[in-house]
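Take a look at the structure set out below.
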Amino acid sequence: MLPALHACCGELIDRWDELVGPGGSCEVDVWPELQSFTGDVISRTAFGSSYEVGRRIFQLQGEQAELFIQSSRYMHIPGYRFLPVARNKRMKEIDAEVRGILRGIIEEREKAIEKGTTDQEDLLGLLMESDSNERRGKSKNLRMTTEDVIQECKLFYFAGQETTSVLLTWTMVALSMHPSWQVRAREEVLEVFGQNKPDNDGLIRLKIVTMILYEVLRLYPPVVLLTRRTYKVMELGGITLPEGVSLTLPLIFAHHDPELWGEDAEEFKPERFAEGVSKASKCGAAPFFPFGWGPRICIGQSFAMTEAKMGLSMILQRFSFELSPSYAHAPHTVITLHPQHGAQLILHKL
Ligand code: HEM
């Protein structure tokens, strides 16, 4: 995973170097840049394909998320999603196109497996191994169909790209708003890696960077709410709920609650995580759950933290950054917590 991460970070830095040019500074909207970066990472590490193949999938998934939010306003109309209105037709078209692209990737891989020309041990390889075991009649209880593989690929593209680019974007914005933390993070990165490529041992040792990422995840959680459904009658917080009730857990509210975090809950204070997650709030680790909790906790959280640490370290090694006058602070939910008008920063080459 690390070589693929290095390669993607390297390409991002080279692109920014070119944008900055001989003048040494320029304005960049880092939000689409970081989306491309995390898209590239998930394409290479999970599917072995280049970003070019995945680019269309990300565009389509982004459009699908916007349409989904728009159509959720009509959820109270029974059967609305089956009506042949333009929005529903477009959502169907997008679904078909994404499936078509993924099926193409899967078929290409199948051919390569048949010819024995692939040794890619990526997520797709693992999923397809399970799929071919099914066809050979093995692992009947654990088997995945091609449809399952497509569904899992869609989930990974969405879950793996969008969330991590949101984390990196808000981190760059927060470090532009709080330049003393930017300086402290850069000092740590240079002390651990100098100008060398970040390695796994060093990434684990980054304390200031980790505190900053946690504080960003607290204030700007990429996933703002979790949903659950009761499967039997149960009591929750003194209220008895029947079976089949949909519950929404707005984790962003828990992350901003002064009763849990203190009167400075709205302030950016990475030092609250200096002694780890369990000491950061007034009541242990419980109120901090940016990756969810329990059996459905995010399976990509270590991946995401490694990717964010690596990306941020390589950026800090080469650039300093500040808010551009054209930046307007507007966190906005389109499934994940986006910067509504972009994240325009001024990059300075170091
Ligand atoms: C900062 C980055 C990320 C955040 C904040 C995040 C957050 C979350 C949250 C809140 C959930 C739902 C948990 C629940 O319902 O209790 C989730 C699920 C999931 N995440 Fe992440 N995630 C991130 C990155 C990733 C990455 C990089 C991947 C894949 C490489 C990934 C793959 C998944 C998958 C597959 C699930 C569904 C797990 C299940 O339903 O059992 N996530 N994530």
* To do: May I have the convex hull volume per residue, in Å³, for the Cα set of segment 247-309?
  => 109
* Geometric extent, Cα atoms of segment 1-110 - Rg, Dmax (angstrom) -> 18.3, 59
* Asked: When the chain is fully extended, how far beyond the present Cα-Cα distance does residue 187 get from residue 257, taking 0.36 nm per residue of separation?
  -> 22.0 nm
* Modelled FRET efficiency - R0 30 Å, residue 15 with residue 72, Cβ distances, 0.05 increments -> 0.25
* To do: Sort out for me the Cα centre separation of segment 284-298 from segment 201-238, rounded to whole Å.
  => 5
* Structure fact -> Any DSSP H helix in the chain with Cα axial reach of 20 Å or more and mean Kyte-Doolittle score of at least 0.0? Listed by number, the hits are 2-20, 146-177, 301-318
* **Alpha-carbon Rg with Dmax, taken over the chain, Å** => 21.8, 66
* Listed highest first by mean packing, meaning other Cβ atoms within 10 Å per residue, what order do 267-276, 202-211 come in? -> 202-211, 267-276
* To do: For a footprinting-style exposure proxy, rank 316, 2 by other Cβ within 10 Å, fewest first.
  => 2, 316
* Structure fact -> Of all C-alpha pairs within segment 194-350, those more than 18 angstrom apart amount in percent to 69
* For residue 107 and residue 147, calculate 0.36 nm times their separation in residues minus their Cα-Cα distance, and state this gained length in nm to one decimal. => 13.1 nm
* Please turn the phi angles of segment 326-333 into ³J(HN,Hα) values with the Karplus equation 6.51 cos²θ - 1.76 cosθ + 1.60 (θ = phi - 60°), one per residue in order, whole Hz, x for glycine and proline. => 7, 6, 10, 6, 8, x, 8, 8
* **Net charge of Cβ neighbours under 11 Å - reference residue 165; Lys, Arg +1; Asp, Glu -1** => -4
* Structure fact -> Once amide hydrogens are built 1.01 Å from N within the peptide plane, the residues lying 5 or more places from residue 226 or on another chain with amide H under 5 Å from its amide H are 249, 251
* Highest GNM mean-square fluctuation, the chain, Cα pairs closer than 10 Å: which of 201, 122, 40? -> 201
* Taking the Cβ of residue 223 as the center, what net charge do the other residues with Cβ under 12 Å away carry, scoring Lys and Arg +1 and Asp and Glu -1? -> 0
* Structure fact -> Largest first and rounded to whole Å, the semi-axes √(5λ) derived from the alpha carbon gyration tensor of segment 128-278 read 36, 28, 13
* Given H placed on each backbone N at 1.01 Å, which residues far from residue 241 in sequence or on other chains put an amide H within less than 5 Å of it? -> 234, 235, 236
* Structure fact -> At R0 = 30 Å the Cβ-Cβ FRET efficiency linking residue 271 and residue 225, nearest 0.05, sits at 0.65
* **Surrounding net charge for residue 10, when Lys and Arg each add one and Asp and Glu each subtract one, Cβ distance under 15 Å** => -4
* **Helix-only mean residue ellipticity at 222 nm for the chain, each DSSP H run of n ≥ 4 adding -39500 (n - 2.57), per residue, nearest 500** => -18000 deg cm²/dmol
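Read the figures in this text as sums done on the coordinates, not as results from a lab. Just so you know, these numbers come straight off a predicted model, no measurement behind them. Here Cβ is always computed from backbone atoms with ideal geometry, including for glycine, and neighbour counts include all displayed protein chains.
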